[in-house]
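The values are calculated or read from the model by the stated rules, or taken from the named source; none is laboratory data. Just so it is clear, the structure is predicted and the values come from calculations on it, not from any experiment. Methodologically, a virtual Cβ is constructed for each residue, glycine included, from the backbone with ideal geometry; neighbour enumeration extends over all protein chains shown. Side chains included, ligands, DNA and RNA excluded: accessible areas come from the protein's heavy atoms. Shrake-Rupley method; radii C 1.70, N 1.55, O 1.52, S 1.80 Å.
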Amino acid sequence: MDIFFLITFFIFGTIIGSFLNVVINRFNTGRSINGRSFCPNCAQKIKWYDLVPIFSWLILKGKCRHCHSKISPQYPIVELATAILFSLLYYQFSFLFFTAPLFFYIFYFWIALIFMVLLVIFVYDLKHKIIPDMLSYTFAIMALVQTLILLPLSNFGSLNFYLDLFAGLIFFIPFFLLWYISEGRWIGLGDGKLVLGIGWFLGFTYGLNAIILAFWFGAIFSVVILLIDKLKNGGKHITMKSEIPFGPFLILATILEFFTRIDFMGIGFFLN
Ligand SMILES: [Zn+2]
């Protein structure tokens, strides 16, 4: 691993992150992603030196230079998250960075694009409690393309081969049934559309691990939130009906599984 390249990928990640912030904020608003950034409170155009990823927000202490209204911490968080993901991708790829065939560069470029879509979905779902179809289908199609190109290279015709080939659809079915039976009360169909992509992005074994992990994350998070609310407010503010979006947990688990490939469910063991 070369520290120079690591830093380069990190900085490049912060720049892509600030682009993703623009995409997140302007998605479905009819505003183009080309226009100049301005403060949503005082409409003052933001100068270039106040648009430096992460640093500008820190130097301005999260406030607009002109009207001092709060600037969302979403900006530095997304920039930092993108930078960390790009650095991790480089780290994973670094051992063959100079020697890899062209194919690997294209593969990692494709993965970086998929990560960008996942980050947009993560924040969008957190903010609006909905995943736009266009984003989940983009993720699903990109992941399917990756599977269709890579999968024939591995054990063609085996059980694993078919499970990976149909992983997206296999995961979609139970989500669809939960949504259909509960008439959308237990789970939104948006999460079902998201697992289409997760299945094809990670394959059957790691995809299933990611989904189970996401349920655990969601459960632990809900219990912690309920406990904090109970201690602070006597449990008045949050009820079981308070909606916590599930998409971010799915994406967090997917990214963790992508980098770690831990089969804690032992699914691979049963399949072989
Ligand atoms: Zn302002």
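Tally up the carbon and sulfur contribution to the accessible surface of the chain as a whole percent, 1.4 Å probe, everything protein left in place. Accessible surface attributable to carbon and sulfur in the chain totals 72 percent.
Note on the chain: GNM, Cα springs under 10 Å; of 198, 59, 24, the largest mean-square fluctuation is that of 59. Highest mean packing comes first when the peptides 77-84, 172-179 are listed by Cβ atoms within 10 Å, giving 77-84, 172-179.
Considering the convex hull of the alpha carbon atoms of the stretch 82-204, report its projected area averaged over all viewing directions, in nm², one decimal. Walk me through the numbers before you get to the answer.
On the way: hull surface 34.9 nm².
Taking the Cα atoms of the stretch 82-204, their convex hull projects to 8.7 nm² on average.
Per-residue ellipticity at 222 nm from helix content only, as computed over the chain with -39500 (n - 2.57) for each DSSP H run of at least four residues, stands at -22500 deg cm²/dmol. The charge dipole of the chain, taken about its Cα centre with unit charges on the Cβ of Lys, Arg, Asp and Glu (plus for the first two, minus for the last two), comes to roughly 1280 debye.
Hey, got a sec? Which trypsin sites (Lys or Arg not before Pro) in the stretch 148-238 land in a DSSP loop and have at most 14 other Cβ atoms within 10 Å? Before the final figure, lay out each step's value.
Working: sites: 185, 193, 230, 232, 236; in loops: 185, 236.
When the trypsin sites (Lys or Arg not before Pro) of the stretch 148-238 are filtered for loop state and at most 14 Cβ neighbours within 10 Å, 185, 236 remain.
Simple spin-label estimate for residue 46 and residue 133 gives 3.2 nm between the two label positions (7 Å along the Cα-to-Cβ direction from each Cα).
Pairs of lysine residues in the chain that meet both criteria, 8 or more places apart or on different chains and Cα atoms under 27 Å apart, total 28.
Okay, which of the stretch 1-44 sit inside 13 Å, backbone N to the point 7 Å along the Cα-Cβ direction of residue 98? Counting backbone N atoms under 13 Å from the label point, the list is 1-5. So for the chain, considering every pair of alpha-carbon atoms, how many percent are separated by more than 35 Å? Value for the chain: 24 percent of Cα pairs lie more than 35 Å apart.
Length gained on full extension, residue 10 to residue 230, computed as 0.36 nm times the residue gap minus the Cα-Cα distance: 75.2 nm.
Just the number please: accessible area per residue for the stretch 156-272, 1.4 Å probe, all protein chains included, in Å².
Numbers: 6680 Å² over 117 residues.
Per-residue accessible area for the stretch 156-272 comes out at 57 Å².
Loop-located trypsin sites (Lys or Arg not before Pro) across the stretch 60-144 with a Cβ neighbour count of 10 or fewer within 10 Å are 61, with loop assigned by DSSP. What are the ³J(HN,Hα) couplings of the stretch 150-155, residue after residue, when phi is run through the Karplus curve with 6.51, -1.76, 1.60 and θ = phi - 60°? Round to Hz, x for glycine and proline. With coefficients 6.51, -1.76 and 1.60, one gets 7, 4, x, 6, 10, 1 Hz.
Using a 1.4 angstrom probe, figure out how much accessible area the stretch 35-99 has per residue, in square angstrom, rounded to the nearest whole.
65 Å²
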